Each structure stands twice: as C-alpha cells, then as structure tokens.
Amino acid sequence: MGYYANRNYWLCTPALFDGFFRQMLANVPELNADELSAFGYSSLGTVNLWHIAGRHFTFSLDVALLMDLTSRTRTDPPPNDLEEIYRAAGVDMPHNAVELFLEARSTPEDI
C-alpha cells in the first residue's frame, strides 16, 4: 500500500474490497466480481478497478455508480502537458510523442 497526492489517493491490496464488490455486483449479469481487482481509491470515495480482460472501471461509493472507462482511455486526447511529463521523467520527448502516447493506451493494460 502507498499513497500520493498528499494522501488523497491510496493504492490498495485488492482483498480490501473483494467482499464488498462481490456483494455489490451480485446481480450485474455482465460482470463477475471475481474478475475485478481494486487497485486504488481516492479521498472522494472513488475506487479504481481493473478487469481481467484489461478493462478499467471506476466505482463511486457515494452514489454506487460503476463506470467503464475503457473506451475513454482510447478516445481522450493526449494531455496538454505531454512535454512536461517527459521532462519530469528526465527523458527527451521524441518527435512522435503524441502517436506513441495514443498507441500505448490503445492496448489493454496488464496489471
């Protein structure tokens, strides 16, 4: 476990939320809670989940809203501060950074 953003976001052990999501998703036909793993949660009550097939979900605890963010990662434009991200990482920004960024997030992530 760990945190960042001044303790506003916490990385977690998936087992912390396993029982909760088994109960919450028991009647959701397309999702099996055993195929989801929580990896972090925010101070605003949002839990981030990864699906075994590489999909990304967020669950808002305050309103019990489950959102599939998988397609959003493929359609959102690259960040405006892409050059700053490379600079902070101590890496020279390649000339095709935008194409590399879009290509990298178009494939399912494996956590």
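The values are calculated or read from the model by the stated rules, or taken from the named source; none is laboratory data. Since we're looking at a predicted model, the values are computed, not measured. Glycine gets a Cβ as well: all are built from the backbone with ideal geometry, and neighbour counts include every protein chain shown. Ligands, DNA and RNA are excluded from the accessible area calculation, which covers all protein heavy atoms including side chains. Shrake-Rupley method; radii C 1.70, N 1.55, O 1.52, S 1.80 Å.
Using the Cβ atoms and a cut-off under 14 Å, what net charge is assigned to the surroundings of Asp34, where Lys and Arg are +1 and Asp and Glu are -1? The partial results should precede the final answer.
Working: positive: Arg22; negative: Asp18, Glu30, Glu35.
After counting each charged neighbour, the total is -2.
Can you give the longest stretch of the chain with no exposed loop site, where a site means GluC sites (Glu not before Pro) in a DSSP loop (not H, G, I, E or B) with at most 13 other C-beta atoms within 10 Å?
Details: sites that count: Glu30, Glu109.
Maximal segment without exposed cleavage sites: 31-108.
Evaluate the relative contact order of the chain (contact order divided by residue number), counting alpha-carbon pairs under 8 angstrom at least 6 apart; express in whole percent. If you can, show how the numbers build up before the last one.
Working: 134 pairs, mean separation 17.6, N = 111.
Over the chain, the number comes to 16 percent.
Cα atoms only: what Rg and Dmax, in Å, come out for the range 1-107?
So, for the range 1-107, Rg and Dmax equal 16.3, 49 Å respectively.
Reported to two decimal places, what Rg/Rh ratio describes the range 15-70 when computed on Cα atoms with Rh from the Kirkwood expression? Please list the in-between numbers first.
Values: Rg = 10.2 Å, Rh = 11.2 Å.
When Rh is taken as the Kirkwood radius, the ratio is 0.91.
Could you tell me the accessible area of Ile52 in Å² (1.4 Å probe, neighbours in place), rounded to the nearest ten?
Solvent-accessible area, nearest 10 Å²: 130 Å².
What longest region of the chain stays clear of trypsin sites (Lys or Arg not before Pro) that DSSP places outside H, G, I, E and B and that have at most 16 other Cβ atoms within 10 Å? Write down the numbers at each step before the final one.
Numbers: sites that count: Arg7, Arg105.
No qualifying site falls inside 8-104, the longest such stretch.
Do the sum for the chain: with -39,500 (n - 2.57) for every DSSP H run of n ≥ 4, divided by all residues, what is the mean residue ellipticity at 222 nm, to the nearest 500 deg cm²/dmol? Each step should come with its number before you reach the end.
Values: 4 runs with 32 residues, N = 111.
Rounded to the nearest 500, it is -7500 deg cm²/dmol.
Which of Asn80, Asn48, Asn27 moves most in a GNM of the chain, Cα contacts under 10 Å?
Judging by the Gaussian network model, the answer is Asn80.
Round to the nearest 0.05 the FRET efficiency obtained for Met24 and Ala88 when R0 = 41 Å and r is the Cβ-Cβ distance.
Working: r = 37 Å, r/R0 = 0.90.
With R0 = 41 Å, the Cβ-Cβ based efficiency is 0.65.
So, in nm, how far is label His51 from label Ala15 when the simple model puts each one 7 Å beyond its Cα toward the Cβ?
Roughly 2.6 nm, to one decimal.
Hey, with R₀ at 30 Å, roughly what FRET efficiency would Arg7 and Glu99 work out to, going by the Cβ-Cβ distance, to 0.05? Spell out each step's value before the answer.
Numbers: r = 36 Å, r/R0 = 1.19.
So the FRET efficiency works out to roughly 0.25.
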